[in-house]
Amino acid sequence: MSDEETSPAGPRGTASTDITPPPKLPTSTGGPAAWSELTERAGHLNNRAQILYNDTDDLHIDVIMQEWQSKSSDFVRQDMPTLLRRIADLGFSWRGIARLIGVSVPAVQKWRRGHAATGQSRFNAAAVLAASVLIEQHYLVQDVASWFEAPIAFGCPVTAIDLYAAKKPQLVFRLATGRADPEQIMSAFDPDWRETYRSDFEVFESEDGGLSIRAKDR
């Protein structure tokens, strides 16, 4: 796990330890000096609010990552065929399940027929199930399998499955909250994503109101 994924020491940032009360805003203004003071105080409040938001957002991800690890350890008590069946019942394709676990489709099919899996593969399957259950439970994502397969940003083929397969589950959970900017998620995944996934085509609205695709102007 990366330092971003867990933080056993507690929430990061400064807002959690800064107990200085915010400045009181004046009830009236009386010229340029008063407006300048008001602007500075409003800016101070805005900065404190941003720090508090960042701290609570990081704490939230830390906690969900800890719960994910705990639930994964609980689910690993189930045998491999049961784990695979439960994941498939959520709507995942066998190809998607294989990518999430980090193995080939034939390996998954062998496990379904009762062949033995390594302990690590069994834990990986438990972790996939745990992540899916938590995303449904905490973030009210309906049809979690389809959500995992949906592109993160418009015009970009990267999905939550790609994030998870790249061992960046913290980005998957940030995306699931619905509060993160998809483009920021993509930048954290691949800083050069705009160039990497640049397309020579664009979607436009035609005269009849429908959507069509055309080559971009050079």
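Just so you know, all these numbers are worked out from the coordinates, no wet-lab data involved. Not measured: the values here are computed from a predicted model. Note that each Cβ is placed from the backbone with ideal geometry, even for glycine, and that neighbours are counted across all protein chains shown.
Going from the residue with the fewest nearby Cβ atoms within 10 Å to the one with the most, His44, His60 rank His44, His60. Of the trypsin sites (Lys or Arg not before Pro) found in the range 83-175, the ones in coil according to DSSP and having at most 16 other Cβ atoms within 10 Å of their Cβ are Arg113, Lys167.
Listed values for the range 120-135 are Karplus-derived 3J(HN,Hα) couplings in whole Hz (6.51 cos²θ - 1.76 cosθ + 1.60, θ = phi - 60°), namely 5, 5, 5, 5, 4, 5, 4, 5, 4, 4, 4, 4, 5, 5, 5, 5, and x replaces Gly and Pro. Between Asp89 and Leu59, what FRET efficiency follows from the Cβ-Cβ distance if R0 is 30 Å, with the result rounded to 0.05? The computed FRET efficiency comes out at 0.40.
When the range 33-181 is described by a simple charge dipole with +1 on each Lys and Arg Cβ and -1 on each Asp and Glu Cβ, the residue from Leu52, Gln120, Gln109 located farthest towards its positive end is Gln109. The gain in end-to-end length when the Lys167 to Ser146 segment is fully stretched comes to 5.6 nm, 0.36 nm per residue minus the alpha carbon separation.
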